[in-house]
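Below: the structure, in structure tokens.
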Amino acid sequence: MTDRRRKRPYAFLPALDREARGGTVQRIQDAVRNAIVRLELQPGEAIDKAALCAQMRVSRFPVSEALGKLAEEGFIVVLPQRGTMVSRIDLADCRQAMFIRRALECEAVRFIAPGISGELLERLHGNLAAQRQVMKSDDRETFHALDLEFHDLLLGALGYERVASAVEAARANLDRMRLFMCTPTRQSATYAEHENILTALSARRPAQAARAMQLHLNAVMTELEDVAKAHPDSVTAGRAAN
């Protein structure tokens, strides 16, 4: 822990506007969840409620409410007599989440490939151009956002809100691990895999597009497993699949 963080805990969290009415619990919940996903709050790290209240300029009650909701979502754990801590990343949950993503996203590109519009292809090409540019500066957060946008463009074209919501929920379990592994090497591989997906879509070949998406998500999961081995203090094996 740096001297700066000791002197000012949770400086990465926003101070909430006291004049704003309503939604305080939700705003605290969103801010803390975002900090967890971005690894600003590390897996296994204890949460100091008093310091969190001081930084966000809120009372203890909405903080407790927000943390309770985050516990329901699986982002934190409340330990009796020991306090509250950021949950460790559950590798079994990651495997299940990736299973859901493979099932839905491979079928999504298979479905949209035959009639994909020129407008969507243009937007996908623009996204890849932005990925390529960001890779030069190793801006991990921006690259991660563009990665998500690439997939969201495809799901948006599908037009099924429940499918998009299911993928988004599954992806939430993976985001912390993805930031661990968003290295220049993985960025380059992700870009190449996205390019293969786009090539198949441009040719309007459903089976090829689905296969390219499957290979992409399989590669991500393989690297997630490797990252888990490299960060044993941040990961729990969870329950084995039956």
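The ranking of Asp30, Asp17 by Cβ neighbour count inside 10 Å, starting from the fewest, reads Asp17, Asp30. Once the Kirkwood radius over Cα pairs is known for region 3-87, the Stokes-Einstein relation at 20 °C and 1.002 mPa s delivers a diffusion coefficient of 165 µm²/s. The calculated 222 nm mean residue ellipticity attributable to helices in the chain amounts to -22000 deg cm²/dmol, summing -39500 (n - 2.57) over DSSP H runs of n ≥ 4 and dividing by all residues.
Once the chain is represented by equal point scatterers at the alpha-carbon sites, with solvent omitted, what log10 I(q)/I(0) does the Debye formula produce at q = 0.09, 0.11, 0.12 Å⁻¹? The calculated log intensity ratios at q = 0.09, 0.11, 0.12 Å⁻¹ are -0.45, -0.66, -0.77. Helix 60-73 and the long axis of the chain differ in direction by around 40°, with both axes built from C-alpha atoms. Its Cα centre serving as origin, the chain has a Cβ charge dipole (Lys and Arg +1, Asp and Glu -1) of approximately 520 debye. Here the Debye sum runs over all C-alpha atoms of region 54-164 as equal scatterers in vacuum, and log10 of I(q)/I(0) at q = 0.10, 0.13, 0.19, 0.23 Å⁻¹ comes out as -0.52, -0.78, -1.06, -1.20. Dividing the C-alpha radius of gyration of region 152-206 by 2.2 N^0.38 Å, with N its residue count, gives 1.34. The packing ranking of peptides 155-165, 57-67, highest mean first, is 57-67, 155-165, where packing means the average number of other beta carbon atoms within 10 angstrom of each residue. In order along region 156-164, phi translates into HN-Hα couplings of x, 5, 5, x, 9, 4, 5, 5, 4 Hz, rounded to whole numbers, per the Karplus curve 6.51 cos²θ - 1.76 cosθ + 1.60 with θ = phi - 60° and x for Gly and Pro. Taking amide H atoms as placed 1.01 Å from N in the peptide plane, the amide H of Asp90 lies under 5 Å from those of Thr236, each 5 or more residues away in sequence or on another chain.
Read-outs: derived from the displayed coordinates by stated rules, not from any lab. Note that this is a predicted model, so its numbers are computed, not measured. Heads up, the Cβs are rebuilt from the backbone with ideal geometry, glycines too, and the neighbour counts pull from every protein chain shown.
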